[in-house]
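Chemist: Please find one structure pasted underneath; my questions will follow.
The values are calculated or read from the model by the stated rules, or taken from the named source; none is laboratory data. Bear in mind the structure is a predicted one, so any value in this text is a computation, not a measurement. In this analysis, Cβ positions are derived from the backbone assuming ideal geometry, glycine residues included, and neighbour counts consider all displayed protein chains.
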Amino acid sequence: MSFKYKVYSEALKEKYGEKVYKLPINLPLTCPNRDGTKGTGGCIFCGETAAGFESLPCNMSIKSQLERNMDYIGSRYGAKKFIAFFQNFTNTYTDTETFRKNIYETAIANIVETCVSTRPDCISEKYLDILKEFSVETGINVSLELGLQSSNENTLKIINRGHGLKEFENAVKLVHSYGFPVCAHVIIDLPWDTDDDVIKTAKILSRLKVEGVKMHSLYVVKGTKLAEMYESGEVTLLSKDDYVRRAILFLKYLDKNCAIERIIGRAPLIFLLYKY
Ligand code: SF4
């Protein structure tokens, strides 16, 4: 059996008429699931640096981070258009004035889109209003990335997400009401999920009409709760073949208009206790 899925880089090419690259921005933030506001300890798979394995230091200004990465990617790939991507931690977990200042700092030459990654329970009208105003004033497009990981409520509890499926659904609807596209993050091979859960997640994302998905595998970062569980034998991870099988299953049930940004997540080996 073979089938096609929509590739994000191709979708960007269609939208912007040429190749477009995402430039990660690393801010000195944390996450309400780590500091006790929503939960403590964070998601069991999330390490000290969260997703910022390859980011520039968070004490660099946003403009400097963008310009440094733009120079590097521009000269390496001949890219001319870029997306400013607030990637690490929870980028709406800050007061609105700081958020506004951060967002407006991305309005520099060659940035065609500003993308904000956050938790579904940390997005509200006050941040979306700022993003709308920014987009109208600057002509720069806006998009959001929201973590779901699984649609199984029991799995969400085990991985200590600190939110449920309902919050994710409400967040997607709210973001869409502003006309901004959403990219959802999912971990395909969570051992507490069944194949049916993976299918259910794909169907829910299709029903919600999310515009994009980043698919991840469950790699074990040193120093995390998941690392403890793995070392003590409390959890057995799925194999590479299981990932491939589930990824195919997920893609089969996902709406074909949804663009795949990542078919698997990765982290530098030095941070990992286990990977395929
Ligand atoms: S919500 Fe994101 S930053 Fe916060 S603990 Fe979970 S993975 Fe880490």
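Chemist: Condition test on Lys214, is it at pLDDT 95 or above, in contact with a Ser or Thr (Cβ under 8 Å, 6 or more places away or on another chain) and surrounded by 14 or more Cβ atoms within 10 Å (Cβ to Cβ)? Steps first, answer last, please.
Modeler: Working: at pLDDT 95 or above: yes; in contact with a Ser or Thr (Cβ under 8 Å, 6 or more places away or on another chain): no; surrounded by 14 or more Cβ atoms within 10 Å (Cβ to Cβ): yes.
Criteria not met by Lys214.
Chemist: Within the range 85-103, how many residues turn out to be touching a Lys or Arg at 6+ places or on another chain (Cβ under 8 Å) and either away from the ligand (no atom under 12 Å from the Cβ) or part of a strand (DSSP E or B) (or both)?
Modeler: Count: 2.
Chemist: Any chance you could count how many residues in the range 219-249 are under 30 Å from Ser143 (Cβ atoms) and in contact with a strand residue (DSSP E or B) (Cβ under 7 Å, 6 or more places away or on another chain)?
Modeler: Looking only at that region, the number is 5.
Chemist: Of Glu18, Glu97, which residue is without any contact (Cβ under 8 Å) to a residue 40 or more places away in the chain and over 30 Å from Tyr253 (Cβ atoms)?
Modeler: Checking each option against the conditions leaves just Glu97.
Chemist: Still on this structure: Could you pull out every one of the helices (runs of 4 or more DSSP H) wholly within the range 130-207 that has 2 or more residues that are under 30 Å from Val112 (Cβ atoms) and not hydrophobic (A, V, I, L, M, F, W, C)?
Modeler: Details: elements: 153-158, 165-177, 195-207.
Helices (runs of 4 or more DSSP H) meeting the threshold: 165-177, 195-207.
Chemist: Between a first residue in the range 160-180 that is at positive phi and away from the ligand (no atom under 16 Å from the Cβ) and a second residue that is at pLDDT 95 or above and among the basic types (Lys, Arg), which pairs have beta carbons less than 9 Å apart while being 6 or more apart in sequence or on different chains?
Modeler: Pairs found: Gly179/Lys132.
Chemist: Looking at the range 122-169 only, could you name the residues that are closer than 30 Å to Tyr104 by Cβ and among the aliphatic types (A, V, I, L, M)?
Modeler: Answer for the range 122-169, where residues must be closer than 30 Å to Tyr104 by Cβ and among the aliphatic types (A, V, I, L, M): Ile123, Leu128, Ile130, Leu131, Val136, Ile140, Val142, Leu144, Leu146, Leu148.
Chemist: Checking Asp193 against (1) modelled with pLDDT of 95 or more; (2) touching a strand residue (DSSP E or B) at 6+ places or on another chain (Cβ under 9 Å); (3) within 21 Å of Ser143 (Cα to Cα), which test does it fail?
Modeler: With (1) modelled with pLDDT of 95 or more; (2) touching a strand residue (DSSP E or B) at 6+ places or on another chain (Cβ under 9 Å); (3) within 21 Å of Ser143 (Cα to Cα) applied to Asp193, the lone miss is (3).
Chemist: In this structure, does Phe85 turn out to be touching a Cys at 6+ places or on another chain (Cβ under 9 Å), at pLDDT 95 or above and within 22 Å of Ser124 (Cα to Cα)? I'd like the intermediate steps shown before the answer.
Modeler: Details: touching a Cys at 6+ places or on another chain (Cβ under 9 Å): yes; at pLDDT 95 or above: yes; within 22 Å of Ser124 (Cα to Cα): yes.
Yes.
Chemist: Out of Ser117, Ser135, Ser177, which single residue is at pLDDT 95 or above, of a type in the set (Ser, Thr, Tyr) and under 26 Å from Thr40 (Cβ atoms)? Show your work before the answer.
Modeler: On the way: Ser135 fails: under 26 Å from Thr40 (Cβ atoms); Ser177 fails: under 26 Å from Thr40 (Cβ atoms).
From the options Ser117, Ser135, Ser177, the qualifying one is Ser117.
Chemist: Working only within the range 229-240, note down all residues that are of a type outside the set (A, V, I, L, M) and over 15 Å from Ile263 (Cβ atoms). Talk me through it step by step, then tell me what you get.
Modeler: Within the range 229-240, the first condition is being of a type outside the set (A, V, I, L, M), and the residues that meet it are 230-234, 236, 239-240.
Hits for the range 229-240 are Tyr230, Glu231, Ser232, Gly233, Glu234, Thr236, Ser239.
Chemist: Still on this model: What is the one condition in (1) without any contact (Cβ under 8 Å) to a residue 24 or more places away in the chain; (2) among the small types (Gly, Ala, Ser); (3) in contact with a Pro (Cβ under 7 Å, 6 or more places away or on another chain) that Ala109 does not satisfy?
Modeler: Only one criterion in (1) without any contact (Cβ under 8 Å) to a residue 24 or more places away in the chain; (2) among the small types (Gly, Ala, Ser); (3) in contact with a Pro (Cβ under 7 Å, 6 or more places away or on another chain) is unmet by Ala109, namely (3).
Chemist: Another question about this same structure. Does the range 145-159 hold any residues that are surrounded by fewer than 18 Cβ atoms within 10 Å (Cβ to Cβ) and either out of contact with any helix residue (DSSP H, G or I) (no Cβ under 8 Å at 6 or more places or on another chain) or touching a residue at least 24 places away in the same chain (Cβ under 8 Å) (or both), and which are they? Reasoning before the result, please.
Modeler: Step one: of the range 145-159, the residues surrounded by fewer than 18 Cβ atoms within 10 Å (Cβ to Cβ) are 153-154, 157-158.
Across the range 145-159, the qualifying residues are Asn154, Lys157, Ile158.
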